[in-house]
């Protein structure tokens, strides 16, 4: 009688820091603790955007990506703070050091979020739930911050699980309960389902995973294209995407939204010089050069354009990037326009000769950009 081999599942953890920027501010500034904190642009003048809000502010409906003016309407007592990205990067680097104690299969999604594959963990613990518990405790003890963790057999389910018991949560969704869990999930929670697709689904009478499950794979593809095949699999708990510790950088750049509209070529060129300097620093950090330079322009009426120029060989010097950006701007027409935002990015990368890393630097730290 043949023995049926046991099914081996991956052990995936998704770690998501709780209100990360706001929590760092409350940790470093005792006067902010227990108060509604909003990190992002200030509401005065034209106003900015909320990067994140403390849970005290979220109780009033303040959310990330919301305009700061709207945030102050919802929570007049909110304390608005400009971001301190250096502090967030430093904390993120220390969090990643904690991850590396358990595994090197780490896929950072941002400063405050990452996937970990602990199928084979360095310490031989064997239990993904125990590893997640230890990581959360280390983050609390060493950084005085809290994280939420989701544990499952694939990335999609682990990510959904990490959001269930926030803040300071830990949720495990095992193989036997995945399909039942997915059936109860609202369609807007599915990976890749944006507002437009969610509305389309609801008009078709598809509100939950159970509703999606009624459609065949061909029907899903007919209605939703290539993404339909992914939805067909994921609603059945199938997600074979591996944790990718070395995600390829597709583009790198910088942009700036101005406190007042730029109306002259002199003003715009001066800002492009500053942005180009920031781009150069980031290119050097990642040891990259690009064959394509892209200019982004947003006008006062929020109309947006991009213009680019490609080269046969990679470029990565300040003069070239700044000069090409200015030429692209001039070619786009700058007479009688009001510019709200300018950005420069490079893509289509080629590697450059490795530079010597100075002692004490950390090239593998999680980066914001």
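Among the conditions (1) in contact with a helix residue (DSSP H, G or I) (Cβ under 8 Å, 6 or more places away or on another chain); (2) part of a helix (DSSP H, G or I); (3) within 15 Å of residue 252 (Cβ to Cβ), residue 345 misses just one, which is (2). Determine whether residue 279 is within 21 Å of the chain's Cα centre (by Cα), surrounded by 15 or more Cβ atoms within 10 Å (Cβ to Cβ), farther than 15 Å from residue 322 by Cα and modelled with pLDDT of 85 or more. For residue 279, the condition - within 21 Å of the chain's Cα centre (by Cα), surrounded by 15 or more Cβ atoms within 10 Å (Cβ to Cβ), farther than 15 Å from residue 322 by Cα and modelled with pLDDT of 85 or more - is not met. Can you say whether residue 157 is surrounded by 19 or more Cβ atoms within 10 Å (Cβ to Cβ), over 21 Å from residue 92 (Cβ atoms) and in the same structural domain as residue 208 (by TED's automatic domain parsing), as far as the supplied structure shows? Here the answer is no, as residue 157 does not meet what is asked. Under the condition of being more than 23 Å from residue 148 (Cβ to Cβ) and in contact (Cβ under 8 Å) with a residue 12 or more places away in the chain, the residues counted in the range 79-121 number 4.
Within the set 109, 170, the sole residue that is within 24 Å of residue 55 (Cβ to Cβ), at pLDDT 95 or above and either in contact with a strand residue (DSSP E or B) (Cβ under 9 Å, 6 or more places away or on another chain) or not assigned by TED's automatic domain parsing to the domain that holds residue 28 (or both) turns out to be 170.
For the range 259-276, which positions are touching a strand residue (DSSP E or B) at 6+ places or on another chain (Cβ under 9 Å), over 22 Å from residue 45 (Cβ atoms) and surrounded by fewer than 16 Cβ atoms within 10 Å (Cβ to Cβ)? Within the range 259-276, no residue meets the criteria. Checking each residue in the range 172-189 for being part of a helix (DSSP H, G or I) and either free of Cβ contacts under 8 Å to residues at least 40 places away in the same chain or surrounded by 14 or more Cβ atoms within 10 Å (Cβ to Cβ) (or both) picks out 176, 177, 178, 179, 180, 181, 182, 183, 184, 187, 188, 189. When residue 148 is tested against (1) closer than 20 Å to residue 13 by Cα; (2) surrounded by fewer than 22 Cβ atoms within 10 Å (Cβ to Cβ), just one condition goes unmet, and that condition is (2).
Here is a yes/no grid of residues against (1) under 30 Å from residue 121 (Cβ atoms); (2) outside any strand (DSSP E or B); (3) touching a strand residue (DSSP E or B) at 6+ places or on another chain (Cβ under 9 Å); (4) not assigned by TED's automatic domain parsing to the domain that holds residue 259:
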position: 65; (1), (2), (3), (4): no, yes, yes, yes
position: 77; (1), (2), (3), (4): no, yes, no, yes
position: 93; (1), (2), (3), (4): yes, yes, no, yes
position: 97; (1), (2), (3), (4): yes, yes, no, yes
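Within the range 210-226, residues that are without any contact (Cβ under 8 Å) to a residue 12 or more places away in the chain reach partners that are assigned to a helix (DSSP H, G or I) and buried (at least 17 other Cβ atoms within 10 Å of the Cβ) with beta carbons closer than 6 Å, at six or more positions or on different chains, in the pairs 221/228. Within the range 103-119, being assigned to a loop (DSSP other than H, G, I, E, B) and surrounded by fewer than 22 Cβ atoms within 10 Å (Cβ to Cβ) holds for 103, 104, 105, 119. Among the residues of the range 239-256, those that are in a loop (DSSP other than H, G, I, E, B) and touching a residue at least 12 places away in the same chain (Cβ under 8 Å) comprise 239, 240, 241, 242, 243, 244, 245, 247, 249, 250. Among residues of the range 324-337 that are at negative phi and part of a helix (DSSP H, G or I), those with a beta-carbon under 6 Å from a residue that is at pLDDT below 95 and surrounded by fewer than 16 Cβ atoms within 10 Å (Cβ to Cβ) at least six positions away or on a different chain give the pairs 324/309.
Yes or no, residue by residue, for (1) part of a strand (DSSP E or B); (2) outside the structural domain of residue 343 (by TED's automatic domain parsing); (3) farther than 14 Å from residue 328 by Cβ; (4) in contact (Cβ under 8 Å) with a residue 12 or more places away in the chain:
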| position | (1), (2), (3), (4) |
| --- | --- |
| 258 | yes, no, yes, yes |
| 266 | no, no, yes, no |
| 270 | no, no, yes, no |
| 276 | no, no, no, yes |
| 282 | no, no, yes, yes |
| 285 | no, no, yes, yes |
| 291 | yes, no, yes, yes |
| 294 | yes, no, no, yes |
| 302 | no, no, yes, yes |
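For (1) in the same structural domain as residue 225 (by TED's automatic domain parsing); (2) part of a helix (DSSP H, G or I); (3) at pLDDT 90 or above, each residue gets a yes or a no:
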{"position": "121", "(1), (2), (3)": "no, no, yes"}
{"position": "130", "(1), (2), (3)": "no, yes, yes"}
{"position": "134", "(1), (2), (3)": "no, yes, yes"}
{"position": "140", "(1), (2), (3)": "no, yes, yes"}
{"position": "191", "(1), (2), (3)": "yes, no, no"}
{"position": "200", "(1), (2), (3)": "yes, yes, yes"}
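Among the residues of the range 54-71, those that are more than 17 Å from residue 20 (Cβ to Cβ) and crowded, with 19+ Cβ neighbours inside 10 Å comprise 68, 71. Residues of the range 27-45 that are surrounded by fewer than 17 Cβ atoms within 10 Å (Cβ to Cβ) and either in the same structural domain as residue 302 (by TED's automatic domain parsing) or touching a residue at least 12 places away in the same chain (Cβ under 8 Å) (or both): 27, 28, 34, 35, 42, 45.
The values are calculated or read from the model by the stated rules, or taken from the named source; none is laboratory data. None of these values were measured; they are calculated from a predicted model. For neighbour counting, all protein chains shown are included, and Cβ atoms are generated from backbone atoms with ideal geometry for every residue, glycine included.
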